[in-house]
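Each remark here refers to the structure printed beneath this line.
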Amino acid sequence: MQIYETPFLDLRDEGRYDRTTMTSDRATILLNEERRRLLADVLLTSRLLGGIYMYAEYTAPWCMNSKLSSEPFAPFVANAPSMIGYHYLLEGEIWAECDNIGPIRVQAGEALLFPRSDAHLVGSNLDLPPVIGDDIIKPPTGQGLYRICHGGGGDKAIFICGFLGCDVTNSNPVIRTLPPMMIVRFEEAGTDQWVRSSFRLAAEQASTMVPGASPSLARLSELLLLEAVAAYASQLQSEEAGWIAGLRDPVVSKALAKLHSEFSRNWTLDDLCSEVGASRTSLVDRFNRLVGEAPMTYLSNWRLDAAARQLSQTTLSIAQISANVGYESPEAFSRAFKRRYRVPPATWRSSKRDPMQ
């Protein structure tokens, strides 16, 4: 019997969550606390909004074509440019296909995660003519859950689905490098009981209130998303690359943690190598292979992406923002920003005012 810790949201306190110790015969945690914290910090730099839940019951034969959008859930996710959806299968089994992934069988206790709202097919038989997902979503009347009830009356597949509006996905290094569709097997990560009870709790809470009204539900949605990505990270094959793979590497993860915790520091490559205890060649090679770019290039891009968030979400001056993200002068910042975003900061700010307000 192994003991592991998994985050648990105390719904009595809408701004915080506690951690509770649970036990499992199959517990496996491959991300330590420091790496989970880094994952959360980077993933949640994208502004997430909503905490919308839906009960979906399908009966065979059925097939659905879906591309997540904020329209069916307006106004509870405001004008979110993108949606993140995760669908936890309570009962039955289905097939899923997205882009060049699949078809893959999904069974009860597993979840489908769509980090960038890519179009996908799900169903008991993917060769059937599909219905359009948005056309069969039924909004709640007052309190309650969004619902889908669809199919031919045969074997059931029951989902609890969660949706989060997202301001950006392509600039977030976690979301950007995830595959368009992920099958998350929580049992392999040792968190299946917690995830199942949390989805049920979320659905129960959502069914008694106006959708989108509870900060605690939004927080629980973020936590379930984080748990899904952490579980996915624990299941990666050793030869895979990407930001998540870098998180699992002892040298690269330490470098990422240092860069993110002190991103405005005047870093040099030698400083970073000294902090993580690696040679220049080893760090650069591992970072390039796993993350896809050199450490100093990654840092520069992260600083500019942080600046872009501050430009769209705050009224700070360009001089203040340039100092916040580690530039010695507004002029140097403006030149670097224009190279990455192709327009000066002021022009970008005027065209990118926060869409989620």
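For the range 274-322, which positions are small (Gly, Ala, Ser), surrounded by 15 or more Cβ atoms within 10 Å (Cβ to Cβ) and either at positive phi or part of a helix (DSSP H, G or I) (or both)?
Scanning the range 274-322 gives Gly292, Ser300, Ala306, Ala307, Ala308, Ser312, Ser322.
Hey, among the residues in the range 193-218 that are modelled with pLDDT of 65 or more, surrounded by 19 or more Cβ atoms within 10 Å (Cβ to Cβ) and not small (Gly, Ala, Ser), which one's farthest from Cys161 (Cα to Cα)?
This residue is Trp194.
Output the qualifying pairs, or none if there are none: Cβ atoms under 7 angstrom, residues six or more apart or on different chains, first residue in the range 286-312 and more than 17 Å from Ser46 (Cβ to Cβ), second residue of a type in the set (D, E, K, R).
Listed by first residue and then by second, the contacts come to Arg286/Asp249; Leu290/Asp249.
Name the residues in the range 180-190 that are out of contact with any helix residue (DSSP H, G or I) (no Cβ under 6 Å at 6 or more places or on another chain) and either among the basic types (Lys, Arg) or at pLDDT 70 or above (or both), would you?
Kept after step one, since they are out of contact with any helix residue (DSSP H, G or I) (no Cβ under 6 Å at 6 or more places or on another chain), are these residues of the range 180-190: 180-181, 183, 185, 187-188, 190.
Hits for the range 180-190 are Pro180, Met181, Ile183, Arg185, Glu187.
Check Ala308 against each of (1) within 25 Å of the chain's Cα centre (by Cα); (2) modelled with pLDDT of 95 or more; (3) not acidic (Asp, Glu) and name the one condition it does not meet.
All conditions pass for Ala308, except number (2).
Counting just the residues of the range 80-108 that are in a loop (DSSP other than H, G, I, E, B) and more than 20 Å from the chain's Cα centre (by Cα), which one comes out surrounded by the most Cβ atoms within 10 Å (Cβ to Cβ)?
Restricting attention to the range 80-108, the residues satisfying the condition of being in a loop (DSSP other than H, G, I, E, B) are 80-81, 92, 99-100, 108.
The next check asks that each one be more than 20 Å from the chain's Cα centre (by Cα); those that pass are 92, 100, 108.
On the way: Gly92: 18, Asn100: 8, Ala108: 14.
Among them, the one singled out is Gly92.
So which of Asp135, Asp127, Asp155 is within 26 Å of the chain's Cα centre (by Cα) and of a type in the set (D, E, K, R)?
Values: Asp127 fails: within 26 Å of the chain's Cα centre (by Cα); Asp155 fails: within 26 Å of the chain's Cα centre (by Cα).
Only one candidate passes the filter, namely Asp135.
The values are calculated or read from the model by the stated rules, or taken from the named source; none is laboratory data. All values derive from a computational prediction rather than experimental measurement. Glycine gets a Cβ as well: all are built from the backbone with ideal geometry, and neighbour counts include every protein chain shown.
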